[in-house]
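Undergrad: Dumping the structure here so I can ask a few things about it.
The values are calculated or read from the model by the stated rules, or taken from the named source; none is laboratory data. Given the structure is predicted, the values throughout are model-derived calculations rather than measurements. So basically every Cβ, Gly included, is an ideal-geometry build from the backbone, and we count neighbours across all protein chains shown. Surface areas here come from the heavy atoms of the whole protein model, side chains and all, with no ligands, DNA or RNA. Shrake-Rupley method; radii C 1.70, N 1.55, O 1.52, S 1.80 Å.
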Amino acid sequence: MQRVLPRVTPAAIGSAPASTSAKYMSGDTRCAARAARAAVCDADGFLDGVREINPRVASVKPSKTMALADLASSLKAEGVDVISLAAGEPDFDTPRPIVEAGIEALERGITRYTPNAGVPLLKQKICEKLERENGITYAPDEIVLSNGAKQSVWQGVLACCSPGDEVLIPAPFWVSYPEMARLAGAEPVVVETDASQGFLMTADQLRGALTERSRLLILCSPSNPSGAVYSEEQLREIADVVREHPRLAVLSDEIYEYIVYGGTKHVSFASLPGMFERTLTVNGFSKAYAMTGWRLGYVAAPKVFAKACAVIQSQSTSGASSIAQHAAIAALDMGPYGGEIVRDMVAEFQRRRDYVVSRLAKMKGVEIVEPQGAFYALPDVSSVYGRSIDGFVMRDSDDVVKMLIEKANVAPVPGEAFGCPSCIRISYACSMDELKEACDRMETRFFDVVI
């Protein structure tokens, strides 16, 4: 049965429009008048209704990655020497050809509304990229460009799911997947994995989690937060299970596809036999091209799904930025798999991964699985649970992160947010100097002290 969520009433609400005479009142008088009106309304129980929040919205948890990144920024602004390992954002500047294309768009007046689903030339180039690199053939009307891949994922979930449907999400997962399912009125069903299986869901686990209500499976490979990458063989086994369930669609989040290491190969789920018709492929420009602030992503999907995503977008944000789309054309013109510039960035990410993994592996009480892609490490820190530092007993990863911020001035993200309570997530998308200092602090100020 669908869960009935409690009504939530916020602590404060904006006042009703003031009367014409209010503009002549002093500030104190207006505040007193508003307070008096509110008291009368409260006495009648009127504000109880006004203060109601949509139960679906009330059920949504704030993003811990955004919260920790914002906290680190605010601490830095206050003069605290904190190193943020929270945000999934490359520290590289956007490549120059992309920047120049953005400037050109401004100078040429390419600053007006775009078609809702995207600029035709960019959609065509995305189709060519997907066929050349991913082995998937789409028509331009099966591409919908949005304000970041997050919007593309959300619209895909909303397009597929109805109240009471189940969305299968392998854990560890990106923090937003379960919350998007809840917003759509669906029920997130978490499929647990662990380090012993490389944080990769097996076909048997998927089969065991499926029910008549299963509507959507969300895959993320390379994975945020674990950096795990499904092999082609593993994906084929999963596809065999998907094929057994006529109503099951798949949303394949491939935003990290270029960021893979050591000969690891990324495989698009839609390229597997029989999976094109079921799959919504999400990708974008933020991670590989260091374009996080440009806000541009896309979904490629069979026309019925693409049209639904476009309709949702038409009644919410409308088309993505004209400047970002013009710049993205230049990004795709940099060459296959992003060309030399992207290859150099990936090589630097691998250098940082190697360093961070080697340091974590030597820290007392820490266990780490080497990530094969993306730019995250997911060390297990559960050995410190139950231990104390300065009288504070650490019960979970939230407590560990609290102490790392307080004692080491390092801000990772608790694993609870990703469905992996034994771990913390570390982003190594920052400079090598910052990573070295962060590892030194974590080791000497925290793990050496606690263990």
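Undergrad: With charges set only on the Cβ (+1 for Lys and Arg, -1 for Asp and Glu), what does the dipole of the stretch 244-310 come to about its Cα centre, in debye to the nearest 20?
TA: Dipole magnitude for the stretch 244-310 comes out near 180 debye.
Undergrad: What's the percent breakdown of Cα-Cα distances in the stretch 55-194 across 10 Å bins, shortest bin first?
TA: Percent of Cα pairs in each bin: 9, 23, 31, 28, 8, 0.
Undergrad: Report, by chain and number, residues whose modeled amide H sits under 5 Å from the one on residue 249, excluding near sequence neighbours (fewer than 5 apart, same chain).
TA: The answer is 216, 217.
Undergrad: Which ³J(HN,Hα) values, rounded to whole Hz and listed in residue order, are derived for the stretch 230-246 from phi using the Karplus coefficients 6.51, -1.76 and 1.60 in 6.51 cos²θ - 1.76 cosθ + 1.60 with θ = phi - 60°, glycine and proline given as x?
TA: Result, ordered by residue: 6, 6, 4, 4, 4, 5, 5, 5, 5, 4, 4, 6, 4, 4, 6, 10, x Hz.
Undergrad: Please state the Cα pair-distance histogram of the stretch 240-306 with 10 angstrom bins from zero: what percent is in each bin?
TA: In order of increasing distance, the bins hold 19, 43, 30, 8, 0 percent.
Undergrad: 5 Å is the cut-off here: which amide hydrogens, built 1.01 Å from N in the peptide plane, fall below it relative to residue 372, excluding neighbours closer than 5 in sequence?
TA: Amide H neighbours of residue 372: 228, 229.
Undergrad: Given H placed 1.01 Å from N in the peptide plane, which residues other than close sequence neighbours of residue 413 have an amide H under 5 Å from its amide H?
TA: HN-HN under 5 Å from residue 413: 425.
Undergrad: Right, next: What share of Cα pairs, in percent, lie more than 17 angstrom apart in the stretch 337-451?
TA: Numbers: 3493 of 6555 pairs.
The answer is 53 percent, as a whole percent.
Undergrad: If you don't mind, another one. Please list 140-149, 402-411, 357-366, 246-255 highest first by mean number of surrounding beta-carbon atoms within 10 Å per residue.
TA: Ranking the peptides 140-149, 402-411, 357-366, 246-255 by packing returns 140-149, 246-255, 402-411, 357-366.
Undergrad: Order the following by accessible area, largest value first: 64, 287, 129. Probe radius 1.4 Å; ligands, DNA and RNA are ignored.
TA: Reading off the accessible areas and sorting them downward yields 64, 287, 129.
Undergrad: Given a Förster radius of 30 Å and the C-beta distance between residue 139 and residue 162 as r, what FRET efficiency does 1/(1 + (r/R0)^6) yield to the nearest 0.05? Working shown, then result.
TA: Working: r = 27 Å, r/R0 = 0.89.
Efficiency computed from Cβ-Cβ geometry: 0.65.
Undergrad: Here's another thing I want to ask about it. Roughly to the nearest percent, how much of the accessible area of the chain is carbon and sulfur, given a 1.4 Å probe?
TA: Working: 10560 of 20000 Å².
The computed percentage sits at 53.
Undergrad: Quick check: with the 1.4 Å probe, what order do 341, 329, 98 take by accessible area, largest first?
TA: 341, 329, 98
Undergrad: Oh, and also: What distance in nm lies between label points placed 7 Å from Cα along the C-beta direction at residue 432 and residue 390?
TA: Computed distance between label sites residue 432 and residue 390 equals 3.3 nm.
Undergrad: A follow-up question, please. Go through the stretch 417-426 residue by residue and turn each phi into a ³J(HN,Hα) via Karplus (6.51, -1.76, 1.60, θ = phi - 60°); whole Hz please, and just put x for glycine and proline.
TA: 3J(HN,Hα) across the stretch 417-426, in whole Hz: 4, 10, x, 9, x, 7, 10, 10, 9, 10.
Undergrad: Now, a different point. Given the Cα-Cα distance of residue 232 and residue 81 and 0.36 nm per residue of separation, how much length would full extension add, in nm?
TA: 50.0 nm
Undergrad: Accessible surface of residue 264 in the full protein assembly, 1.4 angstrom probe, to the nearest 10 Å²?
TA: Roughly 40 Å² of residue 264 is accessible to a 1.4 Å probe.
Undergrad: A further question follows. For the stretch 146-274, what ratio Rg/Rh do Cα atoms give with a Kirkwood hydrodynamic radius? Mind showing how you got there, number by number?
TA: Details: Rg = 13.8 Å, Rh = 14.8 Å.
Ratio of gyration radius to Kirkwood radius: 0.93.
Undergrad: Which GluC sites (Glu not before Pro) in the stretch 160-192 sit in a loop by DSSP (not H, G, I, E or B) and have at most 16 other Cβ atoms within 10 Å of their own Cβ?
TA: Values: sites: 166, 179, 192; in loops: 192.
Within the stretch 160-192, the qualifying GluC sites (Glu not before Pro) (loop, at most 16 other Cβ atoms within 10 Å) are 192.
Undergrad: Place a +1 charge on the Cβ of each Lys and Arg in the chain and a -1 charge on the Cβ of each Asp and Glu, then give the dipole magnitude about the Cα centre in debye, rounded to the nearest 20.
TA: 1080 debye
Undergrad: Still on this model: So for the chain: antiparallel DSSP bridges make up what percent, rounded to the nearest 5?
TA: 45 percent
Undergrad: Can you quote the Å³ per residue value for the convex hull of the Cα atoms in the stretch 306-385, rounded to an integer?
TA: 178 Å³
Undergrad: On to the next question. Take the eigenvalues of the Cα gyration tensor for the chain, scale each by 5, and report the square roots as semi-axes in whole Å, largest first.
TA: 35, 31, 26
Undergrad: On average, how much accessible surface per residue is there in the chain, in Å², for a 1.4 Å probe, leaving out ligands, DNA and RNA?
TA: Ligands and nucleic acids excluded, the result is 44 Å² per residue.
Undergrad: With unit charges on the beta carbon (Lys/Arg positive, Asp/Glu negative), name the residue among 191, 99, 324 whose Cα is farthest towards the positive pole of the charge dipole of the chain.
TA: 324
Undergrad: Moving to a separate point now. Checking the table 150/307; 125/436; 123/265 against a 28 Å threshold on Cα-Cα, which pairs fail?
TA: 125/436
Undergrad: For q = 0.12, 0.18, 0.20, 0.21 Å⁻¹, what log10 I(q)/I(0) does the stretch 258-357 give under the Debye formula with an equal point scatterer on each alpha carbon and no solvent?
TA: The Cα Debye sum returns log10 ratios of -0.54, -1.05, -1.16, -1.20.
Undergrad: Tell me, what HN-Hα J-couplings in whole Hz come from the Karplus equation 6.51 cos²θ - 1.76 cosθ + 1.60 at θ = phi - 60° for each residue of the stretch 440-445, using x for Gly and Pro?
TA: Listing the rounded values in order: 4, 5, 4, 6, 7, 8 Hz.
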